[in-house]
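Just below is one structure, and these are the notes that go with it.
Coordinate-derived values only; no laboratory data. All values derive from a computational prediction rather than experimental measurement. Positions of Cβ are generated from backbone atoms using ideal geometry, with glycine treated the same way; all protein chains shown enter the neighbour counts.
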């Protein structure tokens, strides 16, 4: 992680130097083209004053607004190479006046300026994605102008759109890399859940849950029994139950209770009874995959058990049968 961060800083320094040179040269080129555009427009005005003006009928106005074809643009480039910026001449002799002088001038200027803009079709490499990720860690999600300065060929909109696509891929299961990134951010920023949410692009509650899970010690058999007995004595009075576990937070205890069926005294373990299966099927038809609701209806199975039963016996029954046969062999 340290090596990559060091490499990232070197890349950032180098790109900043490139950007300084690039911005200076681009500004100079832009000013030149703007100046040339002004001169060209003035030339057209003077030319039109001296020559017989081309009257723009309603039909010609509609014609000039049509989208340019590749053939037309190639014709314009050839004409400029041969005759320079003689727009009135080019309009008459190359376009039959279907493209008026002013539209030729605008098309030429826009084609030059478009070459100076970053292409929206630049491919993103794995290295680019890593730099983007480090940029978000450094500046925060939403600081797209700052982050775009880390790239020589991408603007703020491209950067924002790419992060949106990457963030969509990160929904659901956490990877080892994300876990490490979360721990690194906690070392740097502390438990500022809102900030971490912006950087990781996950809900703050999801981040906090993940932190508690990866940061806690494994539950022992003795603790599971103690929690099960506490539920029987105090039901879900978490303030009283937390006092029994001085080295664990209330959030951690509740999370473990919902994840582990063995800590719930009212939940059965192992083979499902026929009445449970019947209740499950009726509840599933009514509520779909709302496992918590189904769990409350069955009463003897947790939400996690209900979800597992669905995937094992209804959605993927063949996989489940194969697994049972393999275990029996």
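At-a-glance table
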{"item": "Segments 187-196, 154-163 sorted - mean Cβ within 10 Å per residue, highest first", "result": "154-163, 187-196"}
{"item": "Per-q log10 I(q)/I(0), region 221-263, q = 0.21, 0.22, 0.23, 0.31 Å⁻¹ (Debye; single scatterer per alpha-carbon; no solvent)", "result": "-0.57, -0.63, -0.70, -1.35"}
{"item": "Gained length - residue 210 relative to residue 81, 0.36 nm times residue gap less alpha-carbon distance", "result": "40.1 nm"}
{"item": "Residue order, fewest to most beta carbons within 10 Å, for 150, 126", "result": "126, 150"}
{"item": "Protection proxy ranking of 100-107, 140-147 - average other beta-carbon atoms within 10 Å, highest first", "result": "100-107, 140-147"}
{"item": "Semi-axis lengths (Å, descending) of the ellipsoid that matches the C-alpha gyration tensor of region 171-211", "result": "14, 12, 8"}
{"item": "C-alpha center-to-center spacing [region 151-216, region 81-102] in angstrom", "result": "55"}
{"item": "Proxy reagent accessibility, fewest Cβ within 10 Å first, across 277, 207, 80", "result": "277, 80, 207"}
